[in-house]
Structure formats: structure tokens, C-alpha cells
Amino acid sequence: MIELFSKRAHALKASEIRELLKLVQSPDMISFAGGLPNPKTFPGEELKEIVPDVISRHGRSALQYGVTEGIPQLRDGIVEWMKRENVELTRENILITSGSQQGLDLVGRIFIDPEDPVILGAPSYLGAISAFGTLEPNLISIPLDDDGLQVEILEDKLPRMRNRGSIPKMVYTVPTFQNPAGVTMSLKRRKKLIDLSYEFDFAIIEDNPYSELRYTGDPIPTLISLDQERVVYLGTFSKIFAPGLRMAWLAGPHQIINKLTLAKQATDLCSPAFNQFILYEFMERGHLQPHITEIKELYSGKRKVMLDEMKEQMPEGMEWTKPEGGMFLWATVPCHIDTQEMFPKALEKKVAYVAGTAFHADGGGQNSMRINFSYSSDDEIKEGVDRLSTVVREEMSRVSC
Ligand code: PMP
Ligand code: G9A
């Protein structure tokens, strides 16, 4: 039967992160690999009250098929939520999805034909590389620096692309506390990116799971708050509520949301109504904002422990980003070290990270790694950094430039 697979099925590759989740589940392993929220943040107490109420109050709808767009109450709740960031939308601009991962898949389906140029960062979120990759685009990477995607490099490339008749249809970016690098796009670059989207006629896909998780520094406006014509926005409750409910949303111009809705109809008909009612009640009862405050307190402490330990323990020659929020650091080791090759040695020492190559659509990142700080306990962070520093030191002394 294998010979019956489509070309697309043959091209499917395992996600390194999903595979790692299996590998790092042994109890003595300290994993900085997965982008997992800390289970301490899951709102169990509130849900013990809400879940029975959903059954008694909304049971008939919550256990029924729902409309593809999502339950109106939740879409209205999200419209209100986004007003906090000066984004004025209506229910028609919102589509509830089963995780932002589904949102990425739907966005890819409506914009990408085979060979279409699609711009994304180097590094980029692995799940976006997989979602878009199955549609056989020409993925073009633009490097990041401490101020996010280097929009100037894109600006330089676009006229040449236009001369060749290959303008990108979309630019995908995680502008705030990027996964994997932790960096944030400056306001100047955000504005420039929007200007370019008008000049060269492309959509901007703003994937924003992390902006609520700011621990220091001043907020920078989201792209969708700066422009609501060219930006398609992905928000998710995975990192501020619980990923197990798979609740997320797409926001954008009405016409685009309509097309995304058609794509979703073909995918899963609708996202679980039950989970939508749970989330609606959670928001309606005013739990979300205080809940985010608690998460931020916990993660802010973990970020500090991680950064302090890295500073104290890591050898000279290793560098890392100092994100103001989110869940990840991006670390770079001297260029002669291949973090993929080093990985089995880290596993032997019972510590895990994700090697940088996984986040590069077209090569690169061999001497880098992503380090998560939200999941482990403070003691595990200390011990894990200690183990990782031993691995890096050994590798530095073993392989010379
Ligand atoms: N985009 C980014 C940048 C992410 O980091 C993640 C989760 N790690 C997702 C999308 C997918 O999130 P969800 O749980 O909503 O599918
Ligand atoms: O478990 C997943 O696949 C979601 C997390 C993504 C990540 O680690 O970036």
C-alpha cells in the first residue's frame, strides 16, 4: 500500500519536537526541549466549577456540532479581548480554530500553491515550517537579529523578486518573543513590514502566542493593531490557559476569514463546542486576566533562574538571547560544534534541548539550540543548565576549530 501514497504523503517528515516529546519522558530527564507550559499554571480549580456548569447550562449546544466559525459568545469575547490592544474587530473577523497549529494549516491552504515563494524567519517556528512545507512552497528565510526579522534584508530582496516575477504571497512572522529565538521585532520594523506589504502586495501572517507573557520592558503594538487590512493574526489560549483544550483563533479581514472558514469546513467541520463553552465561561467570569498575571509571575521567576544559571555556568564562547517574555532562549555555541551531533551526549547526561537545524527551513543553525524555561522546576533548571554546560564544555574541548 505504501506505493499508493501521494507525493505529499511521501514528503511528510516527523516534527522533531513531537518526536522529542516521546524521547524525553523518562522521569530523570530534564527537558528544555518542548515548548510546554508549566502544568502548575493549568486552572484546575476554576474548571472544577465551570465544567459542570457548562453541562447544566449549555449542555444541549456544548455536546452538539457547532457552526464552523465558532460559538458566537466566544467570538464576541475574543473581540472584546483584542480591544485591549486597540484592535477594533467584529465577530465576522474571528474564526475559532483547534489550536493555532490548525490556523497555520488553514492559512497555508488558502494562500499557498506549489512553488509559491513564502517568506519566514531563520530561525522560524517548526510547526509553521511543517504546516506550510506540505504545500510545497518555495520557503525563503530572512535572518533574525535581536530586533526580530531583519526587514531591511526583505526590503532589499523584494524588488529583485518582483523583477523575476516571484513576489511572495505571504510573510510569516512571530514578532513578539519569537519561537524559537525569544526576540521581538522592533516597532520600526513592524511599520516597515506593513508598508512593504502594501507596496509589494503580500499578506502578513502574525503568529502571536506569547505577547501576553511579557516579564520586563514595554509592550510593542501587535502588527494587527497597526494594520487590519493586510494582517492575518493567529492567537491561541494554549500558553495562557491550557493547550489540552486546543482553543485558538484566527483574526483578519472578513473575506479572508470566510475563505479560512471554508478550508476549516473541509478539515474538521468545527472545533469542539464543549471546549469553546468552557473557555467562554472562563473569560466571562473574569478569570483570564488574573490567571495570566499568575502565569507571568511564575515564568518571570523561571526566566531569571535560567538567565542567572546560564551566566554562571556556561563556558566562554557560548551566547544566548535574553528575551523579555515568552518561553525560550536561543543559544549559540562556537561554530565548530554541531548541536545535532552533540544531542545524544546531552541525552546521556539526561538533559534535552532542540537542535537549531530543526527551525531552519533551508539549512543553517547547526551551532544553535532552543532552550525552554517554562516547563521545568527552578531546581531542574539549575541542574539542567549544570548538565548542559558540562556537555558543551566537553564538546568544546573535544572538537577544535
Ligand atoms: N505558533 C507558535 C509560534 C507556537 O509556538 C505554537 C506552539 N508552540 C503554535 C503556533 C501552536 O500552538 P497551538 O497549541 O495553539 O496549536
Ligand atoms: O508540543 C508541541 O508540538 C507544541 C510545542 C511547540 C514547540 O515546542 O515549539
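A short reminder: the numbers here are calculations on the coordinates, not readings from a lab. Not measured: the values here are computed from a predicted model. Glycine gets a Cβ as well: all are built from the backbone with ideal geometry, and neighbour counts include every protein chain shown.
Sparsely packed loop sites in the stretch 284-358 (the GluC sites (Glu not before Pro) outside DSSP H, G, I, E and B with at most 14 other Cβ atoms within 10 Å) comprise GLU316. Local charge for GLY317 was computed over the other residues whose Cβ lies under 12 Å away, with Lys and Arg +1 and Asp and Glu -1, and equals -2. With the largest listed first and rounded to whole Å, the semi-axes of the equivalent ellipsoid of the stretch 259-401 from the Cα gyration tensor are 37, 22, 12.
Only beta bridges with both residues in the chain are counted; by DSSP, about 55 percent of them are antiparallel. So for the stretch 163-233, what percent of the C-alpha to C-alpha distances run longer than 13 Å? Beyond 13 Å sits 64 percent of the P(r) for the stretch 163-233. What you get for the chain, charging only the Cβ of Lys and Arg (+1) and of Asp and Glu (-1), is a dipole of about 520 debye around the Cα centre.
About its Cα centre, the dipole of the stretch 241-392 is roughly 440 debye, where the only charges are +1 on Lys and Arg Cβ and -1 on Asp and Glu Cβ. Among the chymotrypsin sites (Phe, Trp or Tyr not before Pro) found in the stretch 29-116, those both in a DSSP coil and sparsely packed, with 12 or fewer other Cβ atoms within 10 Å of their Cβ, are TYR65.
Mind grabbing the base-10 log of I(q)/I(0) for the stretch 88-166 at q = 0.27 Å⁻¹? Debye formula, identical points on the C-alpha positions, no solvent, two decimal places. Each listed q maps to, in turn, -1.20. For the listed residue pairs LYS296/LYS322; LYS40/LYS302; LYS157/LYS322; LYS157/LYS192; LYS239/LYS302, the alpha carbons are over 19 angstrom apart in LYS157/LYS322. Kindly provide the GluC sites (Glu not before Pro) of the stretch 1-98 that DSSP labels as loop, not H, G, I, E or B, and whose Cβ sees at most 15 other Cβ atoms within 10 Å. Here the sparse-neighbourhood loop sites are GLU85, GLU88. Once the gyration tensor of the Cα atoms in the chain is diagonalised, the equivalent ellipsoid follows with semi-axes of 33, 27, 21 Å, ordered largest first. Rounded to whole numbers, the Karplus 3J(HN,Hα) couplings from phi for the stretch 379-388 are 5, 5, 4, 4, 5, x, 5, 4, 4, 5 Hz, using 6.51 cos²θ - 1.76 cosθ + 1.60 with θ = phi - 60°, and x at Gly and Pro.
How far is the Cα center of the stretch 209-240 from the Cα center of the stretch 142-157, in Å? Rounded to whole Å, the Cα centres lie 19 Å apart. Selection among ILE50, ALA273, VAL385 by position relative to the dipole of the chain gives ALA273 as farthest towards the positive end (Cβ unit charges, Cα centre).
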